[in-house]
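Below is one structure, written out as structure tokens, with a few remarks after it.
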Amino acid sequence: MPIELKMPALSPTMEEGTLAKWLVKEGDSVASGDILAEIETDKATMEFEAVDEGTIAKILVAEGTDEVKVGTVIALIAGEDENASDVEAGAAPAPEAKADTGAVEQPSDQKTEPEADAQATQVQMETGARDLVASAEKTEVQPEVPEGTEMVRTTVREALRDAMAEEMRRDDRVFVMGEEVAEYQGAYKVTQGLLEEFGARRVIDTPITEYGFAGVGTGAAMGGLRPIVEFMTFNFAMQAIDHIINSAAKTNYMSGGQMRCPMVFRGPNGAAARVGAQHSQNYGPWYAAVPGLIVIAPYSAADAKGLLKAAIRSEDPVVFLENELLYGQSFEVPKLDDYVLPIGKARIAREGRDVTLVSYSIGVGVALDAAETLAEEGIDAEVIDLRTLRPLDRETVLKSLAKTNRMVCVEEGWPGCSISSELMAIAMEDGFDDLDAPVLRVTDADVPLPYAANLEKMALVKAEDVVAAAKKVCYR
Amino acid sequence: MAKSASARAASAKKAAPAAPPRPNRERPPEPERYQAGREELLELYKQMLLIRRFEERAGQLYGLGLIGGFCHLYIGQEAVAVGLQSALDDKKDSVITGYRDHGHMLAYGIDPRLIMAELTGRAAGISKGKGGSMHMFSVEHKFYGGHGIVGAQVSLGTGLAFKHKYADDGGVCLAYFGDGAANQGQVYESFNMAELWKLPIIYVIENNQYAMGTSVNRSSAEDQLYRRGESFRIPGIQVDGMDVLAVRGAAETVIDWVRSGKGPVLLELKTYRYRGHSMSDPAKYRSREEVQAVREKSDPIEAAKRELESLGVTEDELKAIDKETKAIVAEAADFAEQAPEPDGSELHTDILVGSY
């Protein structure tokens, strides 16, 4: 049997691409690792490597062909026991390449387009992260702007980049440093194009030394600059947490207000897809516990942009928690010259009167998704996106609680000592008389995030559990 | 680029007899290339080939969606783990590494089916499917993982060495890390303690020349990484990590030194990874010519093959080994694909040992 070479998917979301160039011809013998072809998508050009040994028996798709569907057999390789000339192009039908909702980017500690593989087909890996993304994809949020403002569909990734670029144009003291932020264009491509525009003085690749460069950034802020320190993920920021808390957060207080630390620590936070226990934690509750820090965890692209600009301008140290699964999601972003949002203000992402769902970051999509299901069942849920975790907008939460008298906290993170715990305490302290039912929390399972696909799904927060909890507090 | 890479690989070979930084301080002798007999070299060759074929298949399964998350392949670096671990006493010695860990497990003779089943997240996996590619362990083999945070294994390995000394069990620890991790602060904190307390540890820098997309020269003020222990008085030796017998020879020398109680040694293995940092790295930071040049001129498996041929191993024998290796890997892949996922109840097991 000849080995079929199929058009590879360069990313789980890719449906078709251009077969730009063949680097082998019929009759060539190939060994694993040989580059066979170059394939292009709108995002990138990738090399297509052989995995099997044999002879190229037949090239079925000529170079220069556009719109080659993923999974199409593009060539046949005869194994070593076969005669290449005997191989018939039995052209197996190309599998339908369809894009599921909730397409999850293959996680990466560095990029967005996975390496193509000779036998790769459009098979998506199983992951609970897909459900989180699906919730975000099937719901909408609108930014608060004056009526008639022009909107631009923007990914969270681009919104963050735009925010940094705008602030860097505005203020020479602002610079970005971190692992792979410059030449590589960002491990997750958030800093794409910044090196080109601002140069190596202001867009700085660091070695893998989180503790060191977090301290360097903090010191530079003490000296009067406005650093943006990117962590490849907040999991790696644990190496540097001493500087974030002991150096950055406490400086202003300890110096009696003399010495400031105006800087932003940013990067992806929370669970990604199948990356296992050490790369999947939500540090929101950790940092939100620390006086002296501002902690922001946006959901939409508009909020990401408006709040990152505010964070960069803030006189205080800001921990800015992004979410890798949301980087590729698109939202409406107002086309305004200077879109800056207030820190410390939650937002009603959906109005309702029967129950309040409070969440932040990717949990907002889960809450909105649950709200739609609840609406079908006659329960009108209000969804609050906290946006800032410290200082927490108690007023907005309590106002909503006073209206609905019921509250469910939704959090992609562990249940204990969480933002949910804090919200429940606030409801007890200042909203007790408004409560018609105990506040409930729906979170990830209280376990390190497992790798196995089925366990991972069980571990992550789910819209259906939010629906069940909302019904429970509504006594339905 | 291609030129500079091959030039670098070549200079790695020449640089091996490094001048002692402090001639008045005792150093391990310069390692000699290991003189392997036919059977011995065949065994090393088989192990390297198994890693290569296994990793290629893992890459394939990743493309098919059967392996998720991160998957860091060891292709190109096989001679390092195979050459070093073949010299260990697996009854006594311990090994620890980072997230690019499949090769080290295979070099230890751990069942490829259990490793592959971990990659696919199945109950039969070596961590019951709960760890994944980066988090594999076998306490039975004294293989202590499998760590996802860059540099963490260096301190942890120093702790394993501390245990060897404390228990006086005669063992040494082999702690692998990359050129990227070599810049982490805890590496140097560990170096200091290890030399101060004369701990039996071999620090192995697998210098594959790129920390993700950042080349050694762009991230390291002292890019001759074997010198990184000098200020702690840890002797450093640079070795051609593409030559399994050179690696084995160096292993013999430094294991003798460390086992005799003279304290830690730093081994820098000059190697190269052919694939991206992980499956999702398009590796735009280096040219195709650079990768091809290493593959063609310095491939550890091809070199061993040529040496075997000169020792009289026939093409048929080599073909048979290839076939056998492919069969082992195919079986591991089938096993890993068909094995069931963990039971749902496993979500809540193994968090704490005791009940409270």
A:Q124 being within 30 Å of B:A58 (Cα to Cα), open to solvent by 40 Å² or more (accessible area, probe 1.4 Å) and either touching a residue at least 24 places away in the same chain (Cβ under 8 Å) or not in a helix (DSSP H, G or I) (or both): no
Filter result (closer than 19 Å to B:S220 by Cα and in a loop (DSSP other than H, G, I, E, B)) within segment A:177-212: A:E179, A:E180, A:V181, A:A182, A:E183, A:Y184, A:A200, A:R201, A:T206, A:P207, A:I208, A:T209
Criterion (in contact (Cβ under 8 Å) with a residue 40 or more places away in the chain and open to solvent by 20 Å² or more (accessible area, probe 1.4 Å)) met by exactly one of A:A311, A:A288, A:A277: A:A277
Which listed residue is touching a residue at least 40 places away in the same chain (Cβ under 8 Å), over 30 Å from B:L42 (Cβ atoms) and in contact with an Asp or Glu (Cβ under 7 Å, 6 or more places away or on another chain), from B:S287, B:S278: B:S278
Candidate set: segment A:177-201, residues that are crowded, with 22+ Cβ neighbours inside 10 Å and more than 19 Å from the chain's Cα centre (by Cα); chosen: the one farthest from B:G276 (Cα to Cα): A:L194
Residue check, B:G263 at positive phi and open to solvent by less than 20 Å² (accessible area, probe 1.4 Å): yes
Exclusive hit being out of contact with any Pro (no Cβ under 7 Å at 6 or more places or on another chain) and crowded, with 24+ Cβ neighbours inside 10 Å, set A:L401, A:L435: A:L401
Flag for A:V461 being crowded, with 22+ Cβ neighbours inside 10 Å, assigned by TED's automatic domain parsing to the domain that holds A:G378 and closer than 16 Å to B:L347 by Cβ: yes
Cβ-Cβ under 7 Å pairs, at least 6 apart or on other chains, segment A:354-365 side outside the structural domain of A:D393 (by TED's automatic domain parsing), far side at pLDDT 95 or above and among the charged types (D, E, K, R): none
Lone unmet requirement of (1) within 11 Å of chain A (Cβ to nearest Cβ); (2) surrounded by 11 or more Cβ atoms within 10 Å (Cβ to Cβ) for B:I351: (2)
Filtered residues of segment B:125-176 (kept if among the hydroxyl-bearing types (S, T, Y), away from chain A (no Cβ under 12 Å) and farther than 21 Å from B:M212 by Cβ): B:S138, B:Y144, B:T158, B:Y166
Counted residues, segment B:50-86 - those being more than 8 Å from chain A (Cβ to nearest Cβ), among the small types (G, A, S) and crowded, with 24+ Cβ neighbours inside 10 Å: 5
Residue match in segment B:290-299 (condition: more than 14 Å from chain A (Cβ to nearest Cβ) and either under 28 Å from B:K163 (Cβ atoms) or within 19 Å of the chain's Cα centre (by Cα) (or both)): no
Qualifying residue in segment B:177-185 (condition: assigned to a helix (DSSP H, G or I), within 12 Å of chain A (Cβ to nearest Cβ), of a type outside the set (G, A, S) and within 27 Å of B:L73 (Cα to Cα)): yes
Flag for A:T443 being within 21 Å of the chain's Cα centre (by Cα) and not assigned by TED's automatic domain parsing to the domain that holds A:L307: yes
Residue in segment B:247-269 that is within 14 Å of chain A (Cβ to nearest Cβ), more than 22 Å from B:A79 (Cα to Cα) and touching a residue at least 12 places away in the same chain (Cβ under 8 Å) present: no
B:Y99 being at pLDDT below 95, open to solvent by 10 Å² or more (accessible area, probe 1.4 Å) and more than 14 Å from chain A (Cβ to nearest Cβ): no
Members of segment B:112-154 that are open to solvent by 40 Å² or more (accessible area, probe 1.4 Å) and either free of Cβ contacts under 8 Å to residues at least 60 places away in the same chain or on the phi > 0 side of the Ramachandran plot (or both): B:L114, B:I126, B:K128, B:F137, B:V139, B:E140, B:H141, B:K142, B:Y144
Hits in segment A:141-160 - residues which are open to solvent by 90 Å² or more (accessible area, probe 1.4 Å) and within 17 Å of the chain's Cα centre (by Cα): A:R153
Residues that are more than 13 Å from A:A304 (Cβ to Cβ), in contact (Cβ under 8 Å) with a residue 60 or more places away in the chain and in contact with a Lys or Arg (Cβ under 9 Å, 6 or more places away or on another chain), drawn from segment A:328-346: A:D338
A:A163 being open to solvent by less than 30 Å² (accessible area, probe 1.4 Å), in contact with a strand residue (DSSP E or B) (Cβ under 7 Å, 6 or more places away or on another chain), small (G, A, S) and assigned to a helix (DSSP H, G or I): no
Condition broken by B:K305, with the remaining ones in (1) touching an Asp or Glu at 6+ places or on another chain (Cβ under 8 Å); (2) assigned to a helix (DSSP H, G or I); (3) basic (K, R) satisfied: (1)
Selected residue (criterion: nearest to the other protein chains (Cβ to nearest Cβ)) from residues of segment A:277-288 that are in contact with a Lys or Arg (Cβ under 8 Å, 6 or more places away or on another chain) and among the small types (G, A, S): A:A277
Any hit, segment A:341-348, residues being over 19 Å from A:V264 (Cβ atoms) and β-branched (V, I, T): yes
Residue check, A:I204 of a type in the set (A, V, I, L, M) and under 24 Å from A:W286 (Cα atoms): no
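The values are calculated or read from the model by the stated rules, or taken from the named source; none is laboratory data. Predicted model, so just to flag it, every value in this text is computed and none were measured. Note: ideal-geometry Cβ built from the backbone for every residue, glycine included; neighbour counts use all protein chains shown. With ligands, DNA and RNA removed, areas are computed over all heavy atoms of the protein, side chains included. Shrake-Rupley method; radii C 1.70, N 1.55, O 1.52, S 1.80 Å.
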